[in-house]
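All remarks here apply to the structure that follows.
The values are calculated or read from the model by the stated rules, or taken from the named source; none is laboratory data. Note that this is a predicted model, so its numbers are computed, not measured. All Cβ positions, glycine included, derive from the backbone under ideal geometry; neighbour counts span all protein chains shown. All accessible areas refer to the heavy atoms of the entire protein, side chains included, with ligands and DNA or RNA removed. Shrake-Rupley method; radii C 1.70, N 1.55, O 1.52, S 1.80 Å.
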Amino acid sequence: MSQSFVEVVILAVISLLVTFVVFRWLESHAEGQSELMGGTIKYGGALAGFVLVFWLTSHAYERTRQQEDSTEIELAGEYRVELVQSNGEKWMGTATIRQRGKDSRFDITGDVESPGTPLSISFHTVEGVLHGRRLIWLYENEEREVGLALGDIQSDRPARILLTYSDVSDTDSNSDPHGRLIFTRVEAK
């Protein structure tokens, strides 16, 4: 069962309990009726109270949820990238990490080149998230290879980020299923 489903059920139960207390204990007797799809339905103040309480609690929940989805880690900036393939070959390049304020989600775009050859590969984020100090990055390159990179962030504004990547086996066209990515922050001058 998904966490969001459980959270909505908990909100609904809380809303029902508060509605019951407010309208049963305070003896509210508001009533009304409306036509819906050719029929008439009757409702009382408890229904309106339930909707109001559910809306208020869900609004309060969203505000606390936004705080949970924040981080003190600041990744945004320009980086030099070193890709170390499983065979030891190193590719060099650049990347940009975008992150809004203290949001735990981020986006990485960039490219790397093979030394001494005109070969280059561009990559972008499918999904990127910080979970605590764990960086989880689902990426895709221009050849439609998809993979997952993981790493632990040691400081709130890291100068260097070390990730281990693994391509999804069905999309690995260059026979390089795993390796390391080293992002080194380029400071603005």
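Can you tell me which residue within the range 134-156, out of those that are outside any strand (DSSP E or B) and closer than 16 Å to PHE106 by Cα, is least open to solvent (accessible area, probe 1.4 Å)?
Restricting to residues being outside any strand (DSSP E or B) and closer than 16 Å to PHE106 by Cα, the top hit is ILE153.
Give VAL126, VAL112 a once-over and let me know the one that is surrounded by 15 or more Cβ atoms within 10 Å (Cβ to Cβ) and aliphatic (A, V, I, L, M).
VAL112
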